[in-house]
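**Student:** Before I ask anything, here is the structure I am working with.
The values are calculated or read from the model by the stated rules, or taken from the named source; none is laboratory data. Remember, it's a predicted structure, so these values are computed and weren't measured experimentally. FYI the Cβ positions are ideal-geometry reconstructions off the backbone, even for glycines, and counts take in every protein chain you see. SASA here: full protein model, heavy atoms, side chains in, ligands and nucleic acids out. Shrake-Rupley method; radii C 1.70, N 1.55, O 1.52, S 1.80 Å.
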Amino acid sequence: MTKLSVNINKIATLRNSRGGNVPDLLKVAKDIQQFGADGITIHPRPDERHIRYQDARDLKSVVYTEYNIEGNPQHNFIDLVLECKPTQVTLVPDAIGALTSNAGWDTIKHQSYLIEVIQEFQRNGIRTSIFVDADEKMIEGAKATGTERIELYTESFAHEYGLGNKNGIEPYLKAAIKANELGLGINAGHDLSLENIKFFKDNIPGLLEVSIGHALISESLYLGLENVVNMYLQKLK
Ligand SMILES: CC(=O)[C@@H](O)[C@H](O)COP(=O)(O)O
Ligand SMILES: NCC(=O)COP(=O)(O)O
């Protein structure tokens, strides 16, 4: 069984667009767990454009499944994660101002930095995962950092799959085989969706966890829209 961690960044985006507390991020996190999800993922960014640092603290008392915090390990982020003590921290090499995550770590170039921060998190009992492209060299580099897990950056798989090209899975399969050989746990995320998730899961051996946000929240809107439109129509009769 592969665990599903729901990324709730988009709920915070919607909330922040009106300045109030609708939708209520904490209630949504509780409900998602109640509906059976295995975890909650957040990715606070330095500009706090969706998840705020205070949300990360508040979620601590609400998330009773796996709590996964993602981000670039700069000082403020490291302090926040050490304060929240989530189940897992996923390190992502985000450039300031990037629209969304758009690359995995160069685990060779940044190896000593990754070793240092990974040790700090592990000393505090927090499992680590590092975001990597599906590249065997980067998987070997990840192993050398001491991380327990990697998260495969699935944007290119999802893009190719959307174009009808199932061969886009191949580098991911090779990367997963290498990770399994090296004893690294495998997570995956970015642009996974109802359309592509089954194919990905069926073809990646040892896939422990996926984190899904953008598509899952968008799909939820569509799948709930008919019901809500009809509820309004009933009230307007
Ligand atoms: C790490 C990753 O893959 C991202 O998908 C991320 O967590 C989403 O972040 P945004 O919601 O800011 O695009
Ligand atoms: N780690 C990936 C994640 O949390 C969600 O990515 P996306 O589904 O919003 O692309």
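**Student:** Please state the charge dipole magnitude for the chain, taken about the Cα centre, from unit charges on C-beta atoms (+1 on K and R, -1 on D and E), reported in debye and rounded to the nearest 20.
**Tutor:** Dipole size: approximately 700 debye.
**Student:** Could you point to the residue in HIS110, GLN122, VAL228 farthest towards the positive end of the chain's charge dipole, with +1 and -1 charges on the Cβ of Lys/Arg and Asp/Glu respectively?
**Tutor:** Most positive-ward Cα: VAL228.
**Student:** Given MET1, CYS84, LEU173, which one lies farthest toward the positive end of the charge dipole of the chain, if we put +1 on the Cβ of every Lys and Arg and -1 on the Cβ of every Asp and Glu?
**Tutor:** CYS84
**Student:** Something else: Return an integer: the convex hull volume of the alpha-carbon atoms of the range 16-111, in Å³ per residue.
**Tutor:** Here the figure is 116 Å³ per residue.
**Student:** Can you tell me the accessible area per residue over the chain, all protein chains present, probe 1.4 angstrom, in square angstrom?
**Tutor:** I get 51 Å² per residue for the chain.
**Student:** Rg/Rh for the range 63-117: what does it come to with C-alpha atoms and Rh from Kirkwood?
**Tutor:** With Rg and the Kirkwood Rh in hand, the quotient comes to 0.98.
**Student:** Sticking with this structure for a sec: Report, to the nearest whole %, how much of the accessible area of the range 153-237 belongs to carbon and sulfur atoms, 1.4 Å probe, protein only.
**Tutor:** Of the solvent-accessible surface of the range 153-237, carbon and sulfur hold 59 percent.
**Student:** With a length cut of 20 Å (Cα positions projected on each helix's long axis) and a Kyte-Doolittle mean of at least -0.5, go through the chain and give me the DSSP H helices that pass.
**Tutor:** Membrane-span-like by this rule: 214-235.
**Student:** OK, next. Cα convex hull of the chain: mean projected area in nm², to one decimal?
**Tutor:** That works out to 13.8 nm², a quarter of the Cα hull's surface.
**Student:** Also, I was wondering about something else. What residue among ILE51, ILE96, ASN68 has its Cα farthest toward the positive end of the dipole of the range 1-154, where the charges are +1 on Lys, Arg and -1 on Asp, Glu, each on the Cβ?
**Tutor:** Going by the charge dipole, the pick is ILE51.
**Student:** Provide, for the range 28-141, the number of lysine pairs with alpha carbons under 29 Å apart, each pair being eight or more places apart or on different chains.
**Tutor:** 5
**Student:** I need the peptides 108-117, 136-145 ranked by packing, meaning the mean over residues of other C-beta atoms within 10 angstrom, with the highest value on top.
**Tutor:** 136-145, 108-117
**Student:** Oh, and also: Quick one: how many Å² of ILE96 are accessible to a 1.4 Å probe, rounded to 10?
**Tutor:** 150
**Student:** Could you please report the charge total around LEU163, scoring K, R as +1 and D, E as -1 over all other residues with beta-carbon less than 15 angstrom from its beta-carbon?
**Tutor:** So the environment of LEU163 carries a net charge of -4.
**Student:** Given the alpha-carbon gyration tensor of the range 139-237, what are the semi-axes of its equivalent ellipsoid in whole angstrom, ordered largest first, with each equal to the square root of 5 times an eigenvalue?
**Tutor:** Equivalent ellipsoid of the range 139-237: 36, 15, 9 Å, largest first.
**Student:** Mind checking the dipole of the range 58-153: about its Cα centre, +1 per Lys or Arg Cβ, -1 per Asp or Glu Cβ, Debye to the nearest 20?
**Tutor:** 220
**Student:** If you take the beta carbon distance between GLU170 and TYR222 as r and set R0 to 25 Å, what does 1/(1 + (r/R0)^6) give as a FRET efficiency, to the nearest 0.05?
**Tutor:** Computed FRET efficiency for GLU170 and TYR222 comes out at 0.20.
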